[in-house]
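J.: Quick one: the structure is below, questions incoming.
The values are calculated or read from the model by the stated rules, or taken from the named source; none is laboratory data. Because the structure is predicted, anything quoted here is derived from the model rather than measured. Using ideal geometry, Cβ is built from the backbone for each residue, glycine included, and neighbour counts are taken over all protein chains shown.
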Amino acid sequence: MNGTNGVPPRLSGLRVALVNWRDPWHERAGGAEAYAWEIGRRLTEWGAELTFVTARGPGQAAAETVEGVRIVRGGGTFTVYARAAAWLWRHRREFDVVIDCQNGIPFFTPLLVPREVRVLCVVHHVHDAQFGVHFPGWLARLGRFLEGPAARRIYRRHLCVAVSPSTVAAMRRRLAWTGPITVVPNGGHPPQRARHERTERPSLVCVGRMVPHKRMELVVGLAETMRAEWPGLTVDLVGRGPELGRLTALVAERGLTHVVRLHGHVPEEEKERLVGRAWAHLSASQGEGWGLSVLEAAALGVPTVAFDVDGLRDAVRDGRTGWLAGQSAGEGMAEGTAEGRSLAKVTSEALTLLSDPARAAETARECRAWAARFTWDRSAAMFAELLPDPPRKGR
(Lines give C-alpha, C1' and ligand atoms only; values in the text may rest on other atoms or scores of the structure.)
Protein backbone atom coordinates (compact mmCIF):
# COMPACT_ATOMS: atom_id res chain seq x y z
CA MET A 1 0.00 0.00 0.00
CA ASN A 2 1.11 3.51 -0.74
CA GLY A 3 -1.00 5.62 1.62
CA THR A 4 1.93 7.15 3.49
CA ASN A 5 3.49 8.59 0.33
CA GLY A 6 0.37 10.44 -0.80
CA VAL A 7 -1.35 7.71 -2.82
CA PRO A 8 -4.59 6.57 -1.15
CA PRO A 9 -4.53 2.88 -0.19
CA ARG A 10 -6.73 0.50 -2.18
CA LEU A 11 -8.86 -1.46 0.23
CA SER A 12 -11.76 -2.40 -2.03
CA GLY A 13 -13.45 -5.55 -0.77
CA LEU A 14 -11.67 -5.68 2.61
CA ARG A 15 -14.26 -6.47 5.30
CA VAL A 16 -13.48 -4.72 8.59
CA ALA A 17 -15.20 -4.77 11.98
CA LEU A 18 -14.13 -1.89 14.24
CA VAL A 19 -15.19 -2.42 17.86
CA ASN A 20 -15.07 0.65 20.09
CA TRP A 21 -16.61 1.53 23.45
CA ARG A 22 -18.57 4.50 22.07
CA ASP A 23 -19.05 6.44 18.84
CA PRO A 24 -18.37 10.18 18.36
CA TRP A 25 -22.06 11.07 18.90
CA HIS A 26 -22.32 9.40 22.27
CA GLU A 27 -22.92 11.88 25.09
CA ARG A 28 -19.65 10.79 26.77
CA ALA A 29 -17.49 10.51 23.67
CA GLY A 30 -13.89 11.69 23.80
CA GLY A 31 -10.59 11.48 21.96
CA ALA A 32 -10.66 7.67 21.64
CA GLU A 33 -13.93 7.95 19.74
CA ALA A 34 -12.52 10.65 17.47
CA TYR A 35 -9.53 8.39 16.69
CA ALA A 36 -11.68 5.34 15.88
CA TRP A 37 -14.05 7.33 13.70
CA GLU A 38 -11.46 9.35 11.78
CA ILE A 39 -9.46 6.21 11.00
CA GLY A 40 -12.53 4.10 10.24
CA ARG A 41 -14.26 6.49 7.88
CA ARG A 42 -11.09 6.96 5.85
CA LEU A 43 -10.67 3.22 5.49
CA THR A 44 -14.23 3.24 4.16
CA GLU A 45 -13.42 6.05 1.72
CA TRP A 46 -10.55 3.94 0.42
CA GLY A 47 -12.83 0.99 -0.31
CA ALA A 48 -13.10 -1.06 2.89
CA GLU A 49 -16.50 -2.38 3.97
CA LEU A 50 -16.41 -1.22 7.57
CA THR A 51 -18.85 -1.94 10.40
CA PHE A 52 -18.49 0.16 13.56
CA VAL A 53 -19.67 -1.91 16.56
CA THR A 54 -20.27 0.15 19.68
CA ALA A 55 -22.49 1.00 22.66
CA ARG A 56 -25.89 2.60 22.31
CA GLY A 57 -26.34 5.91 24.11
CA PRO A 58 -29.62 7.65 24.99
CA GLY A 59 -31.59 8.51 21.86
CA GLN A 60 -29.23 6.69 19.49
CA ALA A 61 -30.47 4.31 16.81
CA ALA A 62 -29.62 0.60 17.06
CA ALA A 63 -28.25 0.71 13.51
CA GLU A 64 -27.56 3.36 10.88
CA THR A 65 -25.11 4.28 8.15
CA VAL A 66 -23.06 7.48 8.38
CA GLU A 67 -20.61 8.55 5.65
CA GLY A 68 -20.65 5.03 4.27
CA VAL A 69 -19.84 3.44 7.64
CA ARG A 70 -22.34 0.91 8.96
CA ILE A 71 -22.87 1.50 12.70
CA VAL A 72 -24.26 -1.23 14.96
CA ARG A 73 -25.08 -0.20 18.55
CA GLY A 74 -26.03 -2.14 21.65
CA GLY A 75 -25.41 -2.16 25.37
CA GLY A 76 -24.25 0.46 27.83
CA THR A 77 -21.07 1.24 29.76
CA PHE A 78 -20.45 -2.36 30.80
CA THR A 79 -22.99 -4.42 28.86
CA VAL A 80 -21.51 -3.26 25.54
CA TYR A 81 -18.79 -5.89 26.00
CA ALA A 82 -21.28 -8.76 26.08
CA ARG A 83 -23.46 -7.29 23.34
CA ALA A 84 -20.50 -6.64 21.03
CA ALA A 85 -19.11 -10.12 21.70
CA ALA A 86 -22.44 -11.77 20.89
CA TRP A 87 -22.82 -9.76 17.69
CA LEU A 88 -19.28 -10.47 16.54
CA TRP A 89 -19.62 -14.18 17.30
CA ARG A 90 -22.74 -14.37 15.11
CA HIS A 91 -20.95 -12.54 12.28
CA ARG A 92 -17.46 -13.95 12.85
CA ARG A 93 -17.07 -15.36 9.32
CA GLU A 94 -18.06 -12.10 7.63
CA PHE A 95 -14.82 -10.17 8.26
CA ASP A 96 -11.19 -10.20 7.18
CA VAL A 97 -10.01 -7.82 9.92
CA VAL A 98 -11.13 -6.82 13.41
CA ILE A 99 -9.90 -3.55 14.92
CA ASP A 100 -10.31 -4.01 18.66
CA CYS A 101 -10.11 -0.65 20.45
CA GLN A 102 -9.60 -1.06 24.16
CA ASN A 103 -10.56 1.67 26.59
CA GLY A 104 -8.91 0.14 29.63
CA ILE A 105 -10.52 -3.21 28.89
CA PRO A 106 -10.33 -4.74 25.40
CA PHE A 107 -13.12 -6.74 23.78
CA PHE A 108 -11.01 -9.95 23.62
CA THR A 109 -12.02 -10.43 19.99
CA PRO A 110 -9.31 -13.04 19.22
CA LEU A 111 -11.53 -15.46 21.18
CA LEU A 112 -14.51 -14.69 18.94
CA VAL A 113 -13.25 -14.89 15.35
CA PRO A 114 -11.50 -17.57 13.25
CA ARG A 115 -7.69 -17.67 13.45
CA GLU A 116 -7.32 -16.45 9.86
CA VAL A 117 -9.04 -13.14 10.73
CA ARG A 118 -6.41 -10.51 11.53
CA VAL A 119 -6.97 -8.72 14.84
CA LEU A 120 -5.39 -5.34 15.61
CA CYS A 121 -5.63 -4.12 19.21
CA VAL A 122 -5.65 -0.31 19.62
CA VAL A 123 -4.42 1.06 22.97
CA HIS A 124 -4.62 4.76 23.80
CA HIS A 125 -3.10 4.65 27.26
CA VAL A 126 -2.67 2.40 30.26
CA HIS A 127 -5.60 2.72 32.67
CA ASP A 128 -4.25 0.87 35.72
CA ALA A 129 -4.22 3.99 37.94
CA GLN A 130 -7.59 5.21 36.65
CA PHE A 131 -9.49 2.08 37.68
CA GLY A 132 -9.02 3.09 41.31
CA VAL A 133 -10.40 6.57 40.58
CA HIS A 134 -13.61 5.34 38.97
CA PHE A 135 -14.42 2.03 40.70
CA PRO A 136 -14.47 0.34 44.14
CA GLY A 137 -11.46 -1.77 45.08
CA TRP A 138 -12.67 -5.18 43.91
CA LEU A 139 -13.81 -3.83 40.54
CA ALA A 140 -10.58 -1.86 40.10
CA ARG A 141 -8.58 -5.05 40.72
CA LEU A 142 -10.67 -6.88 38.12
CA GLY A 143 -10.07 -4.07 35.63
CA ARG A 144 -6.32 -4.19 36.19
CA PHE A 145 -6.34 -7.97 35.71
CA LEU A 146 -8.27 -7.74 32.44
CA GLU A 147 -6.08 -4.90 31.13
CA GLY A 148 -2.85 -6.58 32.22
CA PRO A 149 -2.40 -10.35 32.56
CA ALA A 150 -5.57 -11.35 30.67
CA ALA A 151 -5.06 -9.01 27.70
CA ARG A 152 -1.33 -9.68 27.61
CA ARG A 153 -1.98 -13.38 27.08
CA ILE A 154 -4.92 -13.13 24.64
CA TYR A 155 -3.20 -10.57 22.37
CA ARG A 156 0.36 -11.87 22.64
CA ARG A 157 0.43 -12.95 18.98
CA HIS A 158 -1.54 -9.99 17.62
CA LEU A 159 -0.19 -6.62 16.56
CA CYS A 160 -1.05 -3.79 18.92
CA VAL A 161 -1.37 -0.18 17.76
CA ALA A 162 -0.46 2.49 20.34
CA VAL A 163 -1.04 6.17 19.75
CA SER A 164 2.19 7.48 21.30
CA PRO A 165 5.70 6.36 22.30
CA SER A 166 4.93 6.84 25.99
CA THR A 167 1.95 4.52 25.66
CA VAL A 168 4.32 1.88 24.28
CA ALA A 169 6.68 2.44 27.20
CA ALA A 170 3.82 2.20 29.72
CA MET A 171 2.54 -1.01 28.15
CA ARG A 172 5.96 -2.62 28.37
CA ARG A 173 6.70 -1.35 31.89
CA ARG A 174 3.32 -1.39 33.65
CA LEU A 175 1.50 -4.16 31.77
CA ALA A 176 4.55 -6.29 30.96
CA TRP A 177 3.19 -6.46 27.41
CA THR A 178 5.20 -8.89 25.30
CA GLY A 179 3.43 -8.76 21.93
CA PRO A 180 4.40 -6.56 18.95
CA ILE A 181 3.48 -2.86 19.17
CA THR A 182 3.60 -0.13 16.54
CA VAL A 183 2.71 3.56 16.82
CA VAL A 184 0.00 5.28 14.76
CA PRO A 185 -0.47 8.77 16.26
CA ASN A 186 -3.54 10.91 16.49
CA GLY A 187 -4.24 13.31 13.66
CA GLY A 188 -5.91 16.66 13.56
CA HIS A 189 -8.10 18.98 11.52
CA PRO A 190 -6.99 22.40 10.29
CA PRO A 191 -8.82 25.14 12.25
CA GLN A 192 -11.74 26.93 10.63
CA ARG A 193 -9.94 30.23 11.17
CA ALA A 194 -6.16 30.51 11.07
CA ARG A 195 -5.98 33.41 13.55
CA HIS A 196 -7.95 34.58 16.58
CA GLU A 197 -7.39 37.83 18.46
CA ARG A 198 -5.76 37.11 21.80
CA THR A 199 -7.42 38.50 24.94
CA GLU A 200 -5.91 41.71 26.29
CA ARG A 201 -5.51 40.28 29.80
CA PRO A 202 -4.05 36.84 30.55
CA SER A 203 -6.51 34.04 29.94
CA LEU A 204 -6.41 30.26 30.16
CA VAL A 205 -8.62 27.58 28.68
CA CYS A 206 -9.06 23.90 29.53
CA VAL A 207 -10.89 21.60 27.12
CA GLY A 208 -11.88 18.08 28.06
CA ARG A 209 -14.52 15.74 29.37
CA MET A 210 -15.70 16.52 32.89
CA VAL A 211 -14.67 13.16 34.37
CA PRO A 212 -12.60 12.37 37.49
CA HIS A 213 -9.28 11.48 35.83
CA LYS A 214 -9.20 14.80 33.95
CA ARG A 215 -9.01 16.46 37.39
CA MET A 216 -10.62 19.76 36.46
CA GLU A 217 -10.74 20.62 40.17
CA LEU A 218 -6.96 21.22 39.98
CA VAL A 219 -7.61 23.89 37.36
CA VAL A 220 -10.14 25.54 39.68
CA GLY A 221 -7.54 25.45 42.48
CA LEU A 222 -4.96 26.91 40.11
CA ALA A 223 -7.27 29.83 39.32
CA GLU A 224 -7.74 30.49 43.04
CA THR A 225 -3.97 30.40 43.63
CA MET A 226 -3.05 32.63 40.68
CA ARG A 227 -5.71 35.35 40.80
CA ALA A 228 -3.72 37.53 43.24
CA GLU A 229 -0.56 37.38 41.10
CA TRP A 230 -2.48 37.84 37.86
CA PRO A 231 -5.34 40.32 38.40
CA GLY A 232 -7.98 40.02 35.70
CA LEU A 233 -7.05 36.42 34.88
CA THR A 234 -9.88 34.36 33.40
CA VAL A 235 -10.09 30.59 33.03
CA ASP A 236 -12.57 28.94 30.61
CA LEU A 237 -13.53 25.29 31.18
CA VAL A 238 -15.05 23.68 28.08
CA GLY A 239 -16.61 20.23 28.01
CA ARG A 240 -19.40 18.07 29.32
CA GLY A 241 -19.58 15.14 31.69
CA PRO A 242 -20.76 13.92 35.09
CA GLU A 243 -18.38 16.22 37.01
CA LEU A 244 -19.86 19.44 35.58
CA GLY A 245 -22.34 19.94 38.43
CA ARG A 246 -19.73 19.36 41.12
CA LEU A 247 -17.29 21.76 39.46
CA THR A 248 -19.97 24.43 39.11
CA ALA A 249 -20.67 24.17 42.84
CA LEU A 250 -16.94 24.24 43.65
CA VAL A 251 -16.42 27.45 41.64
CA ALA A 252 -19.32 29.12 43.46
CA GLU A 253 -18.16 27.88 46.86
CA ARG A 254 -14.70 29.39 46.36
CA GLY A 255 -16.04 32.70 45.06
CA LEU A 256 -14.50 32.26 41.62
CA THR A 257 -17.50 32.86 39.37
CA HIS A 258 -15.86 36.01 37.98
CA VAL A 259 -12.64 34.10 37.25
CA VAL A 260 -13.67 30.59 36.17
CA ARG A 261 -16.34 30.20 33.48
CA LEU A 262 -17.84 26.78 32.80
CA HIS A 263 -19.23 26.54 29.30
CA GLY A 264 -20.27 22.89 29.10
CA HIS A 265 -20.52 21.47 25.61
CA VAL A 266 -20.28 24.13 22.89
CA PRO A 267 -20.36 23.99 19.07
CA GLU A 268 -17.01 23.44 17.37
CA GLU A 269 -16.82 27.04 16.14
CA GLU A 270 -17.32 28.41 19.66
CA LYS A 271 -14.80 25.96 21.12
CA GLU A 272 -12.24 27.12 18.56
CA ARG A 273 -12.93 30.76 19.47
CA LEU A 274 -12.48 30.13 23.19
CA VAL A 275 -9.23 28.25 22.64
CA GLY A 276 -7.86 30.53 19.94
CA ARG A 277 -8.12 33.69 22.03
CA ALA A 278 -6.48 32.18 25.16
CA TRP A 279 -2.88 32.78 26.13
CA ALA A 280 -2.42 29.12 27.03
CA HIS A 281 -4.31 25.85 27.19
CA LEU A 282 -4.25 23.73 30.36
CA SER A 283 -4.45 19.99 31.04
CA ALA A 284 -4.51 18.57 34.55
CA SER A 285 -5.11 15.00 33.39
CA GLN A 286 -3.30 12.19 35.18
CA GLY A 287 -2.51 10.53 31.86
CA GLU A 288 -3.55 10.44 28.23
CA GLY A 289 -2.88 8.38 25.15
CA TRP A 290 -1.89 11.59 23.43
CA GLY A 291 -4.10 14.53 24.31
CA LEU A 292 -6.14 15.51 21.27
CA SER A 293 -7.07 18.88 22.80
CA VAL A 294 -3.35 19.71 22.97
CA LEU A 295 -2.99 19.24 19.21
CA GLU A 296 -6.17 21.24 18.54
CA ALA A 297 -4.84 24.12 20.65
CA ALA A 298 -1.44 23.98 18.94
CA ALA A 299 -3.13 24.22 15.53
CA LEU A 300 -4.53 27.55 16.72
CA GLY A 301 -1.10 28.70 17.90
CA VAL A 302 -1.92 28.18 21.58
CA PRO A 303 0.65 26.37 23.79
CA THR A 304 -0.33 23.90 26.52
CA VAL A 305 0.72 23.62 30.15
CA ALA A 306 0.33 20.03 31.39
CA PHE A 307 1.76 17.48 33.75
CA ASP A 308 4.72 15.41 32.61
CA VAL A 309 2.69 12.19 32.26
CA ASP A 310 2.13 9.54 29.61
CA GLY A 311 0.81 10.91 26.34
CA LEU A 312 1.05 14.56 27.28
CA ARG A 313 4.85 14.43 27.32
CA ASP A 314 4.59 13.35 23.66
CA ALA A 315 1.97 15.92 22.62
CA VAL A 316 3.75 18.87 24.30
CA ARG A 317 7.28 19.79 23.24
CA ASP A 318 8.48 21.18 26.56
CA GLY A 319 9.69 24.76 26.24
CA ARG A 320 8.64 25.02 22.59
CA THR A 321 4.93 24.24 22.16
CA GLY A 322 4.15 24.32 25.87
CA TRP A 323 5.50 23.54 29.31
CA LEU A 324 5.41 20.44 31.50
CA ALA A 325 4.91 20.53 35.26
CA GLY A 326 6.02 17.87 37.71
CA GLN A 327 4.39 14.47 37.66
CA SER A 328 0.94 14.14 39.15
CA ALA A 329 -0.34 12.13 42.08
CA GLY A 330 -1.42 9.36 39.74
CA GLU A 331 2.22 8.94 38.76
CA GLY A 332 3.40 8.50 42.32
CA MET A 333 4.13 12.13 43.25
CA ALA A 334 2.49 14.49 45.72
CA GLU A 335 -0.60 15.95 44.14
CA GLY A 336 0.32 18.53 41.52
CA THR A 337 3.91 18.97 42.62
CA ALA A 338 7.37 17.62 41.89
CA GLU A 339 10.63 19.31 42.76
CA GLY A 340 8.74 22.55 43.46
CA ARG A 341 7.35 22.86 39.96
CA SER A 342 3.61 22.80 40.58
CA LEU A 343 1.08 23.31 37.81
CA ALA A 344 0.40 26.82 39.12
CA LYS A 345 4.12 27.71 39.18
CA VAL A 346 4.72 26.47 35.65
CA THR A 347 1.57 28.22 34.39
CA SER A 348 2.67 31.50 35.98
CA GLU A 349 6.09 31.17 34.35
CA ALA A 350 4.40 30.50 31.01
CA LEU A 351 2.20 33.60 31.31
CA THR A 352 5.28 35.69 32.11
CA LEU A 353 7.02 34.43 28.95
CA LEU A 354 3.89 34.92 26.85
CA SER A 355 3.57 38.52 28.07
CA ASP A 356 6.40 39.28 25.65
CA PRO A 357 4.74 39.69 22.22
CA ALA A 358 7.82 38.42 20.37
CA ARG A 359 8.03 35.26 22.49
CA ALA A 360 4.27 34.71 22.15
CA ALA A 361 4.49 34.99 18.36
CA GLU A 362 7.43 32.60 18.17
CA THR A 363 5.63 30.07 20.39
CA ALA A 364 2.52 30.33 18.23
CA ARG A 365 4.59 29.59 15.11
CA GLU A 366 6.18 26.58 16.80
CA CYS A 367 2.76 25.31 17.84
CA ARG A 368 1.27 25.57 14.36
CA ALA A 369 4.27 23.90 12.75
CA TRP A 370 4.09 21.03 15.27
CA ALA A 371 0.35 20.50 14.78
CA ALA A 372 0.72 20.52 10.99
CA ARG A 373 2.80 17.33 11.23
CA PHE A 374 -0.24 15.35 12.37
CA THR A 375 -3.18 14.78 10.04
CA TRP A 376 -5.91 12.15 10.07
CA ASP A 377 -5.16 11.28 6.43
CA ARG A 378 -1.57 10.43 7.31
CA SER A 379 -2.54 8.47 10.42
CA ALA A 380 -5.21 6.52 8.54
CA ALA A 381 -2.71 5.71 5.78
CA MET A 382 -0.25 4.42 8.37
CA PHE A 383 -3.02 2.28 9.82
CA ALA A 384 -3.97 0.96 6.39
CA GLU A 385 -0.40 -0.26 5.92
CA LEU A 386 -1.03 -2.71 8.76
CA LEU A 387 -4.07 -4.31 7.12
CA PRO A 388 -3.96 -7.42 4.93
CA ASP A 389 -4.47 -7.14 1.20
CA PRO A 390 -8.14 -7.26 0.16
CA PRO A 391 -9.42 -10.57 -1.23
CA ARG A 392 -8.92 -10.66 -5.00
CA LYS A 393 -12.14 -12.39 -5.84
CA GLY A 394 -15.11 -13.93 -4.11
CA ARG A 395 -15.42 -14.41 -0.37
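J.: Determine whether the range 14-29 contains at least one residue that is within 29 Å of LEU295 (Cβ to Cβ), over 17 Å from the mean Cα position of the chain (by Cα) and modelled with pLDDT under 95.
T.: Checked against the condition, which is being within 29 Å of LEU295 (Cβ to Cβ), over 17 Å from the mean Cα position of the chain (by Cα) and modelled with pLDDT under 95, the range 14-29 yields no hits at all.
J.: Is it true that ILE105 is under 23 Å from GLY311 (Cβ atoms) and surrounded by fewer than 21 Cβ atoms within 10 Å (Cβ to Cβ)?
T.: Judged against the criteria, ILE105 is a match.
J.: If I filter the range 160-184 down to residues being buried (at least 22 other Cβ atoms within 10 Å of the Cβ) and not hydrophobic (A, V, I, L, M, F, W, C), which single residue comes out as nearest to GLY104 (Cα to Cα)?
T.: Ranking the candidates gives THR167 first.
J.: While we're here: Quick test for you: out of LEU159, LEU111, LEU142, pick the one residue that is over 30 Å from LEU11 (Cα atoms) and outside the structural domain of HIS213 (by TED's automatic domain parsing).
T.: Just a single option satisfies the conditions, and that option is LEU142.
J.: Given ARG156, ARG174, which one is modelled with pLDDT of 90 or more, out of contact with any helix residue (DSSP H, G or I) (no Cβ under 9 Å at 6 or more places or on another chain) and farther than 26 Å from ARG365 by Cβ?
T.: The unique qualifying residue is ARG156.
J.: May I ask you to list the residues in the range 124-174 that are among the basic types (Lys, Arg) and over 21 Å from PRO212 (Cβ atoms)?
T.: ARG152, ARG153, ARG156, ARG157, ARG172, ARG173
J.: Right, another one. Working only within the range 34-58, note down all residues that are under 20 Å from the mean Cα position of the chain (by Cα) and among the polar types (S, T, N, Q).
T.: Correct list: THR54 only.
J.: Right, something else. For the range 75-91, which residues satisfy the criterion of being surrounded by fewer than 21 Cβ atoms within 10 Å (Cβ to Cβ), farther than 22 Å from LEU139 by Cβ and touching a strand residue (DSSP E or B) at 6+ places or on another chain (Cβ under 9 Å)?
T.: TRP87, HIS91
J.: Could you list, in sequence order, the residues of the range 25-45 that are outside any helix (DSSP H, G or I) and buried (at least 20 other Cβ atoms within 10 Å of the Cβ)?
T.: ALA29, GLY30
J.: While we're on this one: Output the number of residues of the range 165-206 satisfying the condition of being of a type in the set (S, T, N, Q), over 17 Å from the mean Cα position of the chain (by Cα) and within 21 Å of LEU282 (Cα to Cα).
T.: The qualifying residues number 2.
J.: Within the range 148-178, track down each residue that is under 16 Å from GLU288 (Cβ atoms) and assigned to a helix (DSSP H, G or I).
T.: Listed by number, the residues that qualify are PRO165, SER166, THR167, VAL168, ALA169, ALA170, MET171, ARG174.
J.: Can I ask one more? Looking at VAL133 and the list (1) within 23 Å of the chain's Cα centre (by Cα); (2) more than 20 Å from GLY57 (Cβ to Cβ); (3) at pLDDT 95 or above, which single condition is not satisfied?
T.: It is condition (3) that VAL133 fails.
J.: Identify, please: which residue in the range 267-307 is without any contact (Cβ under 8 Å) to a residue 60 or more places away in the chain and touching a Lys or Arg at 6+ places or on another chain (Cβ under 9 Å) and is, among those, farthest from TRP230 (Cα to Cα)?
T.: PHE307
J.: Related question: Condition first: among the aromatic types (Phe, Trp, Tyr), outside any loop (DSSP other than H, G, I, E, B), within 23 Å of the chain's Cα centre (by Cα) and assigned by TED's automatic domain parsing to the domain that holds LEU11. Can you find one or more residues in the range 62-78 that meet it?
T.: No, the conditions are met nowhere in the range 62-78.
J.: To continue, here is another question. I need the full set of residues from the range 95-136 which are free of Cβ contacts under 8 Å to residues at least 12 places away in the same chain and in a helix (DSSP H, G or I), in order please.
T.: GLY132
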